[in-house]
Amino acid sequence: MVYRPRIVDAELTSRLGALGAVLIEGPKACGKTLTARQVAASEVLLDVDVNARQAVSVDPSLVLAGDTPRLVDEWQVEPAIWNHVRREVDARGAPGQFILTGSAVPADDETRHTGAGRITRLQMRPMSLFESGASDGSVSLRDVLAGRPVRASDPGLTVRDLARAAAVGGWPAFQGLSEEDARLGVRGYLDEIRRVDVNRVGPARRDPERVRRLLASLARNVSTYASVKTLAADTGGPDVALTRETVQEYLDVLTRLRIVEDQPAWAPHMRSKYALRKMPKRHFVDPSLAVAALEGSPEGLLEDLEFFGFVFESMVVRDLRVYAQALDGTVLQYRDSDGVEVDAVVQAGDRWAAFEVKLGAGQVDEAASNLTRFAKRIDTTKRGRPGTLGVITGTGYGYRRDEDGVIVIPIGALGP
């Protein structure tokens, strides 16, 4: 497979130069192993190497011996290796010794000895549109946060292109496939999650059919504030109603598998007494999982533009997360008791920017009005002024509106 450069490449290299080990975390098939191999000098694959797994319990030094950086792939298969890596880093006293990759948090995560000061965690997600080549990256999120002018020609993406991108997703192995084969690949991926992977996390057994119904409910509620109670009511089948406790446990498992990644609330300083709503928004780590969970297709998205709008928002959030991480930033959302909402707030240090996400260019006026209404509620003497108020659209040009200063960014122009 030809390696497509990833935005985390630079972050991985930087961290290896600073600490003894880097743990790359993310959903399976997002490219962790291939990315690690670009800088690793040797490797051991614990998920497929039976002898290596046996050696962990007999003589872990055999597994950790090799040219550095040494890649220990799917380390959570043998969680005991964590402490041995930590001790080996201490013993060697040099940076860049190990790269660990893993697609699930082990059951004993809370009791493992900390790797603070020795092992740094690096989050990895499926590819953004910039990484897959669908965005030209002419509008940099870094520049947007700094308040620099935005100007971009129409990148040429059509709504049909966006529907395909949402259905295929950012999975590296599926990028070169036909649309039909890629969609089958995503469905197979999700099927493996519900049948096999959910039962690899912790001792409890989970019913694959109930997991399927929960995934479908999450898909129907993607980019919304659906509560656990709502998901439980939606997920319960004709045989039995699921309790909120069961649904929450399933959600925790899917989170540990990096399949769902909810969007937390942003808490600014307010000019008034509006109560903030702190419920997170529901998202999959990649929008293709929402489409696959409902057995959807690009044509189906085009026939249901309301649902496509939610899926498109989730795709934008995925891309913003990838770009913001390179700036040591996070992607949050805002909602208050008066009904004012903002789809995404990117916070990076003392800089922040707020965005509305709209699939159609005809919704820009409404989105810009909402952003200016939102901005008036923020106490900028304490929070600071936003670098930008922006509307991220599916198509069109990038520019600054004269009437209110809100910028418009087509997703096909957005980059790190």
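Some points to look at:
- Those residues of the range 332-376 which are open to solvent by 10 Å² or more (accessible area, probe 1.4 Å) and under 16 Å from residue 146 (Cα atoms), in sequence order: 347, 348, 349, 350, 351
- Identity of the residue in the range 304-331, of a type in the set (A, V, I, L, M, F, W, C) and part of a loop (DSSP other than H, G, I, E, B), that ends up least open to solvent (accessible area, probe 1.4 Å): 327
- Members of the range 340-376 found to be under 30 Å from residue 308 (Cβ atoms) and either in contact with a His (Cβ under 7 Å, 6 or more places away or on another chain) or of a type in the set (D, E, K, R) (or both), listed by number: 341, 343, 356, 358, 365, 366, 373
- Residue tally, condition in contact with a helix residue (DSSP H, G or I) (Cβ under 8 Å, 6 or more places away or on another chain) and either part of a helix (DSSP H, G or I) or more than 21 Å from residue 284 (Cα to Cα) (or both), over the range 162-199: 24
Here is a yes/no grid of residues against (1) within 20 Å of residue 313 (Cβ to Cβ); (2) modelled with pLDDT of 95 or more:
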{"site": "357", "(1), (2)": "yes, yes"}
{"site": "365", "(1), (2)": "yes, yes"}
{"site": "368", "(1), (2)": "yes, yes"}
{"site": "378", "(1), (2)": "no, no"}
{"site": "381", "(1), (2)": "no, no"}
{"site": "394", "(1), (2)": "yes, yes"}
{"site": "405", "(1), (2)": "no, yes"}
{"site": "413", "(1), (2)": "yes, yes"}
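- Counting only helices (runs of 4 or more DSSP H) that sit wholly inside the range 221-303, those with at least 2 residues that are crowded, with 23+ Cβ neighbours inside 10 Å, touching a Ser or Thr at 6+ places or on another chain (Cβ under 8 Å) and at pLDDT 95 or above are 287-293.
- Residue 298 meets all of the listed conditions (1) closer than 23 Å to residue 26 by Cα; (2) in contact with a Lys or Arg (Cβ under 6 Å, 6 or more places away or on another chain) but one, namely (1).
- Restricted to the range 130-139, and to residues there that are among the hydroxyl-bearing types (Ser, Thr, Tyr) and not in a helix (DSSP H, G or I), the residue that is farthest from residue 320 (Cα to Cα) is 138.
- Candidate set from the range 3-60 (those that are at pLDDT 90 or above and among the hydroxyl-bearing types (Ser, Thr, Tyr)); member that is farthest from residue 87 (Cα to Cα): 3
- The lone exception for residue 142 - which of (1) assigned to a helix (DSSP H, G or I); (2) open to solvent by 40 Å² or more (accessible area, probe 1.4 Å); (3) out of contact with any Asp or Glu (no Cβ under 9 Å at 6 or more places or on another chain); (4) farther than 19 Å from residue 323 by Cβ it fails: (4)
- Look at the range 197-214: where a residue is more than 12 Å from residue 253 (Cα to Cα) and a partner is open to solvent by 70 Å² or more (accessible area, probe 1.4 Å), sitting 6+ places away or on another chain with Cβ atoms under 7 Å, you get 208/195.
- Pairs meeting the criteria (first residue in the range 302-324 and under 16 Å from residue 225 (Cβ atoms), second residue surrounded by fewer than 24 Cβ atoms within 10 Å (Cβ to Cβ) and among the hydroxyl-bearing types (Ser, Thr, Tyr), beta carbons under 8 Å, at least 6 apart or on different chains) are 310/224.
- Some residue of the range 378-398 being free of Cβ contacts under 8 Å to residues at least 12 places away in the same chain, of a type outside the set (Ser, Thr, Tyr) and closer than 28 Å to residue 305 by Cβ: no
- Search result, residues across the range 73-86 that are surrounded by 15 or more Cβ atoms within 10 Å (Cβ to Cβ) and not acidic (Asp, Glu): 75, 76, 77, 79, 81, 82, 84, 85, 86
- Of all the listed residues (81, 24), the sole one being in contact with a helix residue (DSSP H, G or I) (Cβ under 6 Å, 6 or more places away or on another chain) and over 23 Å from residue 324 (Cα atoms) is 81.
- Selection status of residue 204, surrounded by 15 or more Cβ atoms within 10 Å (Cβ to Cβ) and not charged (D, E, K, R): no
- Within the range 98-118, considering residues that are over 27 Å from residue 203 (Cα atoms) and surrounded by fewer than 22 Cβ atoms within 10 Å (Cβ to Cβ), the one modelled with the lowest pLDDT: 116
- Inside the range 42-72, residues that are open to solvent by 60 Å² or more (accessible area, probe 1.4 Å) and of a type in the set (A, V, I, L, M, F, W, C) make up a count of 4.
The values are calculated or read from the model by the stated rules, or taken from the named source; none is laboratory data. Since we're looking at a predicted model, the values are computed, not measured. Please note: Cβ atoms are built from the backbone with ideal geometry, for glycine as well, and neighbour counts cover all protein chains shown. Side chains are part of the model used for accessible areas, which takes the heavy atoms of the whole protein and leaves out ligands, DNA and RNA. Shrake-Rupley method; radii C 1.70, N 1.55, O 1.52, S 1.80 Å.
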